[in-house]
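To start, the structure itself, in structure tokens.
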Amino acid sequence: LELDPRNDLYLQNLSQAYLLRLQVIISQSQLPAAELQTQFSNNLGVAIQTAQRAAEINPRDSQNWFNLGRVYENVILLVPGAAEMTFDAYNQAAKLEPNNPIFVAALGRSQILAGDLANRNNDRDGRNRAYTQAIASLEKAVALKYDYIPAHFLLAQVYEKQSRSKQA
């Protein structure tokens, strides 16, 4: 970053490095809870800031929005409001590259997580809405590239979660 602070690729990679640090922090059960929370919050903040900065520097690069979506997606189950931020970022990436099934499938994957979170919170309507949205996104990804295996796999998962084994 010292060489070129306006290079969005550097910022993308830095945000991913902070996501990896988050995984290490979460696995450190020997630390006191307050310390874990502080380290988690600080590193998540930097991951989000760097990913947002990349999108600000080059908002026409779909990879910057995809990266921002991945940062938020990693904490959907932990951070209130992260699901909506994830959806916004993935939708922006898909808007910039409408024929890319990866972005639409990522949106579907994050919608499944949002459904799982709603289910965990006993929000049946929220769960059903999120799973329905996930199916629509994943079917769109398959329509864009029929042999895109991750979309088929995720579709099978969401159908299974809805007890629709025949479609799975």
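Laid out as a table, the results:
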item	result
Distance (nanometres) between label positions extended 7 Å along Cα→Cβ at Asn42 and Lys145	3.9
Taking the C-alpha atoms of the chain, convex hull volume expressed per residue in Å³	124
Reduced Cα scattering model of the range 44-114, Debye log10 I(q)/I(0), q = 0.12, 0.15, 0.23 Å⁻¹	-0.26, -0.41, -0.93
Computed label-point distance, nm, for sites Thr132 and Glu56 using a 7 Å Cα→Cβ extension	3.8
Estimated FRET transfer efficiency when R0 is 35 angstrom, pair Ser163-Glu84 (beta carbons, to 0.05)	0.85
Under 18 Å from Lys161, Cα to Cα: aspartates and glutamates that are on another chain or at least 8 residues apart	Asp116, Asp123, Asp125, Glu139
Chain lengthening between Arg6 and Arg120 when straightened (0.36 nm per residue, less Cα-Cα)	37.0 nm
Nearest 10 degrees, 0 to 90: helix 82-96 Cα axis against the chain principal axis	80
From phi via Karplus (6.51, -1.76, 1.60), per-residue ³J(HN,Hα) for the range 105-112 in Hz, x at Gly/Pro	5, 5, 4, x, 4, 5, 5, 4
16 Å Cα-Cα reach of Lys145 towards aspartates and glutamates, excluding residues that sit fewer than 8 places from it in its own chain	Glu97
Karplus-derived HN-Hα couplings along the range 120-129 (A = 6.51, B = -1.76, C = 1.60, θ = phi - 60°), whole Hz, x at Gly and Pro	4, 8, 6, 9, 4, 5, x, 4, 4, 5
Helix axis angle, 8-27 relative to the chain longest principal axis, alpha carbon, degrees	80
Counted charge near Gln157, where neighbours are those whose Cβ lies closer than 13 Å (Asp, Glu -1; Lys, Arg +1)	+1
Estimated [θ] at 222 nm from DSSP helical runs (n ≥ 4, -39500 (n - 2.57)) normalised by residues in the chain, nearest 500	-25500 deg cm²/dmol
Folded to 0 to 90 degrees: helix 33-57 orientation relative to the chain principal axis, Cα	80
Alpha-carbon centroid distance for the pair the range 1-65 / the range 119-168, whole angstrom	29
Cα shape, the range 87-132, gyration tensor, a/c 1.5 rule	prolate
Under-5 Å amide H pairs with Asp61, H placed in peptide plane, nonlocal only	none
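No lab work stands behind these numbers, since they all come straight from the coordinates. Remember, predicted model here, so these are calculated numbers, not experimental data. Every residue, glycine among them, receives a Cβ derived from its backbone with ideal geometry; neighbour counts consider all protein chains shown.
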